[in-house]
Amino acid sequence: IRRGRAPREPSPPLCRSFAAAADQPDRKVAILGAAGGIGQPLSLLMKLNSLVSSLSLYDIAGTPGVAADVSHINTRAEVAGYAGEDQLGKALEGSDIVIIPAGVPRKPGMTRDDLFNINAGIVKSLCTAIAKYCPNALVNMISNPVNSTVPIAAEVFKKAGTYDERKLFGVTTLDVVRAKTFYAQKAKLPVEEVDVPVVGGHAGITILPLFSQATPASNDLTDEDIKALTKRTQDGGTEVVEAKAGKGSATLSMAYAGAIFADACLKGLNGVPDIVECSFVQSSITELPFFASKVRLGKNGVEEVLGLGSLSDYEKQGLENLKPELKSSIEKGIKFAREN
Ligand code: NAD
Ligand code: LMR
C-alpha cells in the first residue's frame, strides 16, 4: 500500500475538463475572429474542452481552413467554419457563449487605446449581430481596448433591448495568469498553487494586481518587490508586443487565458458551484460603472460581483490612481456607441 500524499492533479481547470465525460448538456461556443493570432489557438483549446458540443468559428476570411483542421481532432465538439458577414447569423444562432478576439492588435509604441478607431466599429457590428441572433449568449470580450469595448457592447445591447449585465464580460484573465506566474517565480512558490486577484481594468495602470491577497502568502517579498511585480503585470502586454517586434501582441497566452475563462463560464452555465474568476463587468463596487473584480459565475452568467476585500496602502493608492483613466475609457466607449 502506498502511503503519503496523493499525486497532485494535473493543473486546473483545463486538464480536468479535457478528461471529463461527455455526459454534459449541449453547449454551443462561437469564436468571432477565429482565424486570427488568438482565434486559432483558442479554437484548438475550445475543441479540447469536453463541455463544448458545437464550436462555431467565424472570421471575415480563413475560417473554412481553420475549421477543417480543428475538426479532425477526436473530441466531442462538432466544428463549423463561417466566413464573411453573410454567414455571421448562422455562426451565432443558438450560441451559449460568444468569444470575441476580432480586431487589430498593437505594434510597438502603441497603447491599447490607439486600437479604438478600428476595433470600436468591429465590436459594434459584431455585437449588433449578437443582439439579433443570440441575445441570451454570454459574451466574452477580448478585443482591445477592453476598457472601452465592453461599454460599447453594453450600449449596443441596450439599444437593441437585449442588455443583461450578467452576460457581458471583459476578459482580464491574462492579467491574472501573468500575476500568478510572476508572483510564483519571485516568491519561489509552486505556480499551480498560486492565486492572485487582479482588479480595475485592462490597460496599463488600470490593471491592479492585489498581491496583498495572493495565496499562498509570502513573507519574503519587500515593498520594492511588490512594486516591481505590479509594474511587470501592468506592462505584461507591452513586454510581449515589444518582444514580437511588430508581429502583434500576446496570442498563445491569451488563447490559454480565454480558454480558462470560457471554461469557467461553461461550468457556471452548467450549474457547477463556486466558480469564481476576475472579469471586467458592470459593477457597483466602486463609483465606476464597469470594473474588473472577482465574480461568481452561475447559470445566468454573473451571479455575484464580489467586493475588493482589504487592500494595502499601496493598492489603495493604485486604485485611486487608476480611476480617472478607466472612467475616461469607459465614457469614450459609451459616447462612440451612442453617436454611431
Ligand atoms: P489578429 O490580427 O491576429 O487576429 C484578429 C482577427 O480578427 C483576424 O483574423 C481578422 O480577420 C479578424 N477580424 C477583423 N475584423 C473582423 C470582423 N469584423 N469580424 C470577424 N473577425 C474580424 O489579432 P490577435 O492577435 O488575435 O488580437 C485580436 C484582438 O485581441 C486585438 O484587439 C488585441 O489587442 C486583443 N487582445 C486582447 C487581450 C486581452 O487580454 N483581453 C490579449 C491579447 C490580445
Ligand atoms: C495583452 O495584455 O497582452 C493584450 O491586451 C494585448 C496588448 O496589446 O497588450
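The values are calculated or read from the model by the stated rules, or taken from the named source; none is laboratory data. The model shown is predicted, which means the values in this text are computed figures rather than measured ones. Ideal geometry is used to build each Cβ from the backbone, glycine not excepted, and the neighbour counts take in all protein chains shown.
Only one of (1) in contact (Cβ under 8 Å) with a residue 12 or more places away in the chain; (2) part of a loop (DSSP other than H, G, I, E, B) fails for Asn119. Which number is that?
(2)
Within region 164-193, track down each residue that is crowded, with 18+ Cβ neighbours inside 10 Å and free of Cβ contacts under 8 Å to residues at least 60 places away in the same chain.
If the condition is that a residue be crowded, with 18+ Cβ neighbours inside 10 Å and free of Cβ contacts under 8 Å to residues at least 60 places away in the same chain, then Ala179, Lys180, Phe182, Tyr183, Ala184, Ala187, Leu189 are the ones that fit.
State the number of residues belonging to region 304-323 that are of a type outside the set (A, V, I, L, M, F, W, C), more than 22 Å from Glu165 (Cα to Cα) and in a loop (DSSP other than H, G, I, E, B).
Qualifying residue count for the region: 3.
Name, by its number, the condition in (1) closer than 17 Å to Ala255 by Cβ; (2) modelled with pLDDT of 95 or more; (3) under 19 Å from the mean Cα position of the chain (by Cα) that does not hold for Leu14.
Status for Leu14: all satisfied but (2).
Among the residues that make up region 96-111, is at least one of them within 8 Å of ligand 1 (Cβ to nearest atom) and free of Cβ contacts under 8 Å to residues at least 40 places away in the same chain?
The answer is yes, given that some residue of region 96-111 is within 8 Å of ligand 1 (Cβ to nearest atom) and free of Cβ contacts under 8 Å to residues at least 40 places away in the same chain.
Using the structure shown, decide if Gly37 is of a type in the set (Gly, Ala, Ser), at pLDDT 95 or above and in contact with a strand residue (DSSP E or B) (Cβ under 9 Å, 6 or more places away or on another chain).
Judged against the criteria, Gly37 is not a match.
Would you say Ala102 is at pLDDT 95 or above, in contact with a Ser or Thr (Cβ under 9 Å, 6 or more places away or on another chain) and on the phi < 0 side of the Ramachandran plot?
Spelling it out, Ala102 is indeed at pLDDT 95 or above, in contact with a Ser or Thr (Cβ under 9 Å, 6 or more places away or on another chain) and on the phi < 0 side of the Ramachandran plot.
Please go through region 209-252 and give me each residue that is within 15 Å of ligand 1 (Cβ to nearest atom), touching a residue at least 60 places away in the same chain (Cβ under 8 Å), hydrophobic (A, V, I, L, M, F, W, C) and buried (at least 18 other Cβ atoms within 10 Å of the Cβ), ordered by number.
Val241, Ala250
Collect the residues in region 112-147 that are within 13 Å of ligand 2 (Cβ to nearest atom) and closer than 21 Å to Lys299 by Cα, keeping them in residue-number order.
The answer is Met141, and nothing else.
Looking at region 144-162, is at least one residue near ligand 1 (Cβ under 10 Å from one of its atoms) and in a loop (DSSP other than H, G, I, E, B)?
The answer is yes, given that some residue of region 144-162 is near ligand 1 (Cβ under 10 Å from one of its atoms) and in a loop (DSSP other than H, G, I, E, B).
Gly81 - would you say it is more than 10 Å from ligand 1 (Cβ to nearest atom) and touching a Pro at 6+ places or on another chain (Cβ under 8 Å)?
Against the criterion (more than 10 Å from ligand 1 (Cβ to nearest atom) and touching a Pro at 6+ places or on another chain (Cβ under 8 Å)), Gly81 qualifies.
Just checking, does region 290-303 include any residue being small (Gly, Ala, Ser), away from ligand 1 (no atom under 14 Å from the Cβ) and part of a helix (DSSP H, G or I)?
Here is the first cut: in region 290-303, the residues small (Gly, Ala, Ser) are 292-293, 298, 301.
Adding the requirement that they be away from ligand 1 (no atom under 14 Å from the Cβ) leaves 293, 298, 301.
Now restrict to residues that are part of a helix (DSSP H, G or I): none.
Within region 290-303, none of the residues are small (Gly, Ala, Ser), away from ligand 1 (no atom under 14 Å from the Cβ) and part of a helix (DSSP H, G or I).
Pairs, please: C-beta under 8 Å, at least 6 apart or cross-chain, first residue surrounded by fewer than 16 Cβ atoms within 10 Å (Cβ to Cβ) and in region 285-311, second modelled with pLDDT under 95 and among the small types (Gly, Ala, Ser)?
That search, which allows pairs on different chains as well, returns Ile285/Gly307.
Can you name the residue in region 30-76 that is part of a loop (DSSP other than H, G, I, E, B) and surrounded by 22 or more Cβ atoms within 10 Å (Cβ to Cβ) and is also nearest to ligand 2 (Cβ to nearest atom) among such residues?
Top of the filtered list is Ile38.
I need the full set of residues from region 24-38 which are within 6 Å of ligand 1 (Cβ to nearest atom) and closer than 20 Å to Cys134 by Cα, in order please.
Leu32, Gly33
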